[in-house]
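Undergrad: Once you've had a glance at the structure underneath, I'll fire off some questions.
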Amino acid sequence: MADPVDTAALTAWVGEFARLVHEQRDELTALDAAIGDADHGANLDRGLTAAVSALDAEPPADPAAALKTVATTLIRTVGGASGPLYGTFFLRAAGALGGVTDPTHHGTALAAAFRAGYDGVVARGKAEPGDKTMLDALGPACDALDRALADGEPLDEALRAAARAAADGRDATVPMVARKGRASYLGERSAGHQDPGATSAALLVQAAATALTGRG
Amino acid sequence: MPVGLVVVSHSRALADAAVELARGMLPGRELAVEVAAGDVDGGLGTDATAIADAVTAADSGDGVVVLMDLGSAVLSAETALELLDDDVRARVVLSPAPLVEGLVGAAVTAAAGADRDRVAGEAARGLAPKQAHLAG
């Protein structure tokens, strides 16, 4: 049985996330131009391209090392707030995967890594659900993943549920009023725009549902 | 050794100019000030790994006060703490002060040999003289 959270799978996940962000780079930047500083697509594309290169240049020894490499590369190369936020997500997720050895619990381990990453973003950005941030996509995704696994769904199905929840969470940011970052200066005028951070976060989960499924 | 200072900004030019201004208040005094500013390509941005390196370089064992501009500079400085060794992290204070006013206050007190908490305190009340003056 293939291992859903082995190093190759996580590398493929990051590669798919990078591909989606590159493909939607202009859309992400356009969303950010409306309420932010118009650099989200370019920044994240640069960071993820560098992360994929780093994983390629020096293949990591284990799953935690893979995500740690992604974290430090994003922290170093993104430049904007999404650098420390996504960097912290991957850093904490790496920490959660550190002790995983039993392959029968890999679905739970992956969910725990997502949750640890989410908690890291909460701690770093000090945002709450409803503040019109990446948390509004990541939070529902973590909840859906946990719920599906608790209900006994296979990991593939749980990841697809997480991706749907992230997309719904992303869409739900449209009417929200931003309370964090540059968009918060706009107050009520930030309503009516989809949040760029929630949009890229939904791509992160969509990438997981593509790259980490079909392996069982 | 005096308390070390680190200036974190999106802009290398802004950070360097702020340091020049602060040093201008300290003719002939020694001060350890490190700058972590701009992204890897020299554009606007912040880099937590560069901040962690700057903190390590500024630390002589008596602690470091970090002054930041805003937004991702704050997030990157907090992320840098996660990248530091525990003993170094315990000596670092991230200052909520406005960058220029906080840096000048911190630089003057650090160069005078004050301890880390005193330096951080002076930075944190960096806006007070301006507020008092304009309110008067």
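The values are calculated or read from the model by the stated rules, or taken from the named source; none is laboratory data. This is a predicted model, so every value here is computed, not measured. For neighbour counting, all protein chains shown are included, and Cβ atoms are generated from backbone atoms with ideal geometry for every residue, glycine included. Surface areas here come from the heavy atoms of the whole protein model, side chains and all, with no ligands, DNA or RNA. Shrake-Rupley method; radii C 1.70, N 1.55, O 1.52, S 1.80 Å.
Undergrad: Could you compute the net charge surrounding B:ALA107? Neighbours are other residues with a C-beta less than 10 Å from the C-beta of B:ALA107; K and R count +1, D and E count -1.
TA: Result for the local shell: +1.
Undergrad: Still on this structure: Select from B:VAL108, A:PRO129, A:LEU85 the residue farthest towards the positive end of the dipole of the protein assembly as shown; place +1 on Cβ of Lys and Arg, -1 on Cβ of Asp and Glu, and compute about the Cα centre.
TA: My answer, from the dipole projection, is B:VAL108.
Undergrad: Quick one: net charge of A:PHE89's neighbours, Cβ under 10 Å, K/R +1, D/E -1?
TA: Result for the neighbourhood of A:PHE89: +1.
Undergrad: For segment B:4-135, which whole-number percentage of the solvent-accessible area (1.4 Å probe, protein heavy atoms only) is attributable to carbon and sulfur atoms?
TA: Looking at segment B:4-135 in its full context, I get 55 percent from C and S.
Undergrad: Still on this structure, please answer the following. How many Å² of accessible surface get buried when A and B come together, counting both sides, probe radius 1.4 Å, rounded to the nearest 100?
TA: Buried: approximately 1300 Å² between B and A.
Undergrad: Accessible area, 1.4 Å probe, largest first: how do B:LEU134, A:LEU85 sort?
TA: Largest accessible area first, the list is B:LEU134, A:LEU85.
Undergrad: Taking a probe of 1.4 Å, how large is the accessible area per residue of chain B, in Å²?
TA: 46 Å²
Undergrad: Here's another thing I want to ask about it. Between segment A:105-135 and segment B:59-98, what's the alpha-carbon centroid distance in Å?
TA: 23 Å
Undergrad: Based on the Cα atoms of segment A:7-211, what semi-axes does the equivalent ellipsoid have, where each is the square root of 5 times one gyration tensor eigenvalue, given in whole Å with the largest first?
TA: Details: eigenvalues 135, 77, 38 Å².
For segment A:7-211, the semi-axes come out at 26, 20, 14 Å.
Undergrad: In addition: Only counting protein heavy atoms at a 1.4 Å probe, give the residues of segment A:43-90, ordered by number, whose accessible area falls by 40 Å² or more when the other protein chains are present relative to the chain alone.
TA: With the partner chains in place, segment A:43-90 has these residues losing at least 40 Å²: A:ARG46, A:ILE75, A:ARG76, A:GLY79, A:PRO84.
Undergrad: A further question follows. Once the whole set of protein chains is in place, how much accessible area is left on A:ASP151, using a 1.4 Å probe, in Å² to the nearest 10?
TA: In the full protein context, A:ASP151 sits at about 110 Å².
Undergrad: Here's something else I'd like to know. In deg cm²/dmol and to the nearest 500, what is the mean residue ellipticity at 222 nm of chain B if only DSSP H runs of at least 4 residues count, each as -39500 (n - 2.57), divided by the residue total?
TA: The helix-only estimate for chain B comes to -15000 deg cm²/dmol at 222 nm.
Undergrad: Near the amide H of B:VAL92, under 5 Å away, which other amide H atoms are found, from residues 5 or more places off or on another chain, if H is placed in the peptide plane?
TA: Residues meeting the amide H criterion: B:VAL64.
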